[in-house]
Amino acid sequence: MRAQLARVDAARDEAVRQWQSGRVPDHYYGANPQPVCVIPIGSLAELPLYGHRLDPKQVYGTFGVVGGDVTLWDPESGDAFPVPSDAVQVLFAGEGAPGAAIPRSCRS
């Protein structure tokens, strides 16, 4: 069990390193992180962000939508947070294939 947890920790650390170097991380057991741009459908100030911030010019990481929420990973803070998927438009940023370059920002 400990060996498996050590592999998971190592894979997570490698994914963060790849992202921080500007590359889409490798897939890991079906987890396929994707760089995305997120545009609020309504007012940004009215989004339920639970203490987090959303910058429409920033590229976030996501694994998709689960239970009506898109979970975003903020590479600047390292935090992950849910946003109701019906309150935002999520657009792929760049190619999204493992090893592909991650755009530095989203177009406004």
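The values are calculated or read from the model by the stated rules, or taken from the named source; none is laboratory data. None of the values given here were measured: they were computed from a predicted structure. In this analysis, Cβ positions are derived from the backbone assuming ideal geometry, glycine residues included, and neighbour counts consider all displayed protein chains. The area values use the complete protein model at the heavy-atom level, side chains included, leaving out ligands, DNA and RNA. Shrake-Rupley method; radii C 1.70, N 1.55, O 1.52, S 1.80 Å.
Below is a table of values for the structure above.
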| read-out | value |
| --- | --- |
| Some residue of region 3-22 being without any contact (Cβ under 8 Å) to a residue 24 or more places away in the chain and in contact with a Gly (Cβ under 7 Å, 6 or more places away or on another chain) | no |
| Positions within region 70-108 being modelled with pLDDT of 90 or more, closer than 17 Å to Gly42 by Cα and out of contact with any helix residue (DSSP H, G or I) (no Cβ under 6 Å at 6 or more places or on another chain), in sequence order | Pro82, Val83, Pro84, Ser85, Asp86, Ala87, Val88, Gln89, Val90, Leu91 |
| Qualifying positions in region 13-40 - in a helix (DSSP H, G or I) and either surrounded by 14 or more Cβ atoms within 10 Å (Cβ to Cβ) or more than 13 Å from the chain's Cα centre (by Cα) (or both) | Asp13, Glu14, Ala15, Val16, Arg17, Gln18, Trp19 |
| Evaluation of Val65 against (1) modelled with pLDDT of 95 or more; (2) in contact with a Ser or Thr (Cβ under 9 Å, 6 or more places away or on another chain); (3) among the hydrophobic types (A, V, I, L, M, F, W, C) (one fails), failing number | (1) |
| Strands (runs of 3 or more DSSP E) contained entirely in region 41-108, each with at least 2 residues that are within 21 Å of Arg12 (Cα to Cα) and open to solvent by less than 30 Å² (accessible area, probe 1.4 Å) | 60-66, 69-73 |
| Failed item in (1) surrounded by 10 or more Cβ atoms within 10 Å (Cβ to Cβ); (2) farther than 13 Å from Ala80 by Cβ; (3) modelled with pLDDT of 85 or more, with Asp9 passing the rest | (3) |
| Condition met for Tyr28 (in contact with a helix residue (DSSP H, G or I) (Cβ under 7 Å, 6 or more places away or on another chain) and among the hydroxyl-bearing types (Ser, Thr, Tyr)) | yes |
| Long-range neighbours under 8 Å by Cβ, at least six apart or interchain, first residue within 13 Å of Leu54 (Cα to Cα) within region 73-94, second polar (S, T, N, Q) and loosely packed, with under 15 Cβ neighbours inside 10 Å | Pro75/Gln20 |
